[in-house]
Every structure is written in structure tokens, then in C-alpha cells.
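The structure under discussion appears below in the form of C-alpha cells.
The values are calculated or read from the model by the stated rules, or taken from the named source; none is laboratory data. Here the structure is a predicted model, which means the values were calculated and not measured. Every residue, glycine among them, receives a Cβ derived from its backbone with ideal geometry; neighbour counts consider all protein chains shown. The protein model used for the area step is the full one, side chains on, heavy atoms only, and it has no ligands, DNA or RNA in it. Shrake-Rupley method; radii C 1.70, N 1.55, O 1.52, S 1.80 Å.
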Amino acid sequence: MLEANRFNPKNAKLNYSLGFLSLMLEPSEKNAVQFMETALSLGIEPEGDMWFWIGWAVHLSQRWDEAIKYYNNYVNAIQMKPNKQLAAAVEDARKKVNECENGKELSQNPQRVFVDNLGP
């Protein structure tokens, strides 16, 4: 897929797919955000759970407010389709919003800590 992207870097779906795969394979890498932002700039229209995955990629980059926006877009999109299975997805997205709120607060006043021997 990377070779296809070198050949055709302006394909929004391909960039989103690369971002999603990067997020699943190595969540701490910044590639996921770059690919997903490229997909958005190329005009991909997020649908389904795409909002959640873009939010999570941005969340892991500590861009708290943007992540909250994407998570809220996800919740709004899936609440339009009432379904018991989607209730867990809404709960998960709201938990992620809470994590972002905590991240904003904690990153404003960082503390130096040491973690010793957490065990196996």
C-alpha cells in the first residue's frame, strides 16, 4: 500500500487506509495521524467508525481538543441509528473524551515520576 501511495499520494481512501493500518499496527507512531489528516485534506467524508479512528490517532498525539471533536462527531453519527450494540461504542467514545479531558489537565502541569519494577 505504501508503494501505491508513492504512485498516487492524492487518493483519500488510500491515505485513510494507511492511517488506519498504521494505527492498528503501531499506535504510538505519528504516521497514522499524517495519513488520516492527508485523507481529510483530500476531502474524504468520514463515515461510520472513521471518526473514532481519526480521533484516536489524534488522541495519541496529545491533541486533546481535536480528538474530543472527532469522538463527539462519532457519537453524533452513531446515535442517529439506535441499536443496543452501538450503546457500547458510544460508551467507549465517551470514555475516550474523558481520557482527553484528563490528558489536557495533566499535561498542563507535568510531574517528573519514576516507575520501578512493575513486575512481569
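Residue pairs whose Cβ atoms lie under 8 Å apart, separated by 6 or more positions or on different chains, with the first residue in segment 91-102 and of a type in the set (K, R) and the second not in a helix (DSSP H, G or I), do not occur. Hey, any hits in segment 9-16 for a residue that's open to solvent by 20 Å² or more (accessible area, probe 1.4 Å), under 26 Å from E101 (Cβ atoms) and of a type outside the set (S, T, Y)? No: zero hits. Scanning segment 101-120 for residues that are open to solvent by 100 Å² or more (accessible area, probe 1.4 Å) and assigned to a helix (DSSP H, G or I) returns E105, L106, Q108.
Among the residues of segment 51-82, which ones are in a loop (DSSP other than H, G, I, E, B), open to solvent by 50 Å² or more (accessible area, probe 1.4 Å) and modelled with pLDDT of 90 or more? Step through it out loud before you land on a result.
Here is the first cut: in segment 51-82, the residues in a loop (DSSP other than H, G, I, E, B) are 61-63, 80-82.
Narrowing further to those that are open to solvent by 50 Å² or more (accessible area, probe 1.4 Å): 62-63, 80-82.
Result: Q62, R63.
How about segment 17-40: which of its residues are of a type in the set (A, V, I, L, M, F, W, C) and either open to solvent by 30 Å² or more (accessible area, probe 1.4 Å) or free of Cβ contacts under 8 Å to residues at least 12 places away in the same chain (or both)? Selection gives F20, L21, M24, L25, F35, L40. A count restricted to segment 41-50 and to residues that are open to solvent by 50 Å² or more (accessible area, probe 1.4 Å) and hydrophobic (A, V, I, L, M, F, W, C) stands at 1.
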